[in-house]
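The values are calculated or read from the model by the stated rules, or taken from the named source; none is laboratory data. None of the values given here were measured: they were computed from a predicted structure. All Cβ positions, even for glycine, are placed from backbone atoms using ideal geometry, and neighbour counts span all protein chains on display.
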């Protein structure tokens, strides 16, 4: 399935199908620009399999074995709800450890995956309501995985299962990115954190907005904090209606997974890499 988020010109279905003769291809087109988060929801909703691999348009598969290993791991335990892949550069070499879902080289539990490429259990995704479309851009993986963890599910990182991630060398708008990064961190807190923690995180993010932007990116954004505040105000009716705080135990578990990277009990390295019988 290919998502066309109101591109101009539209995706040519015949041209896409000609690239892979005999492979059934469906194109889902948004009549207006809804963003990739809403697009991922539409793709999962439209899928037939309970194992759904989501790939951004700047990714490239290097071999089938990584995918089948991930599918086998997902199906090996009902508690597994998502599989995180390692990021490879265009020469198929791993990105630095700090830019991976976890800085370790063994299969492990991890608090979240990186959205460039991830494998989801469709039934769990739909049961939990999918990605929050109010976020629109950035941070949806972390917010979803927090709810996933609270519901008793697990995310597994397979460092030996890599997928090439080759972002556009033109880069992205850093100011826009940082505004959404801050806004969505605040929305995640308001939607999911117990009140004392939520209020503290929002206050801290807003207070340190300009300092953090300058320290990490050497950029200034005079109206950025006001933009974030207005966005939070506009989103409040939806936040108030859909907010459901996770338990303190979930918060502590999230922190432990970030710190310790515990090995997953079933090593994906023992799988054959062959397609499961039901695939």
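Structure summary
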item: Condition broken by residue 98, with the remaining ones in (1) out of contact with any helix residue (DSSP H, G or I) (no Cβ under 9 Å at 6 or more places or on another chain); (2) assigned to a loop (DSSP other than H, G, I, E, B) satisfied; result: (2)
item: Subset of region 195-211 [in contact (Cβ under 8 Å) with a residue 24 or more places away in the chain and touching a helix residue (DSSP H, G or I) at 6+ places or on another chain (Cβ under 8 Å)]; result: 197, 198, 202, 206, 209
item: Residue that is loosely packed, with under 15 Cβ neighbours inside 10 Å, at pLDDT 95 or above and closer than 30 Å to residue 7 by Cα, where the choices are 143, 92; result: 92
item: Those residues of region 105-133 which are out of contact with any strand residue (DSSP E or B) (no Cβ under 9 Å at 6 or more places or on another chain) and surrounded by 19 or more Cβ atoms within 10 Å (Cβ to Cβ), in sequence order; result: 130, 131, 132
item: Count of residues meeting criterion [part of a helix (DSSP H, G or I), more than 22 Å from residue 209 (Cα to Cα) and free of Cβ contacts under 8 Å to residues at least 24 places away in the same chain] in region 145-194; result: 0
item: Breaking point among (1) surrounded by fewer than 23 Cβ atoms within 10 Å (Cβ to Cβ); (2) out of contact with any helix residue (DSSP H, G or I) (no Cβ under 9 Å at 6 or more places or on another chain), for residue 157; result: (1)
item: So residue 82, is it closer than 28 Å to residue 189 by Cβ and in a strand (DSSP E or B); result: yes
item: Among the residues listed as 220, 225, the single one being free of Cβ contacts under 8 Å to residues at least 40 places away in the same chain and either under 22 Å from residue 131 (Cα atoms) or assigned to a helix (DSSP H, G or I) (or both); result: 225
item: Restricting region 45-59 to residues that are in contact with a strand residue (DSSP E or B) (Cβ under 7 Å, 6 or more places away or on another chain) and farther than 22 Å from residue 86 by Cβ, the residue that is surrounded by the fewest Cβ atoms within 10 Å (Cβ to Cβ); result: 46
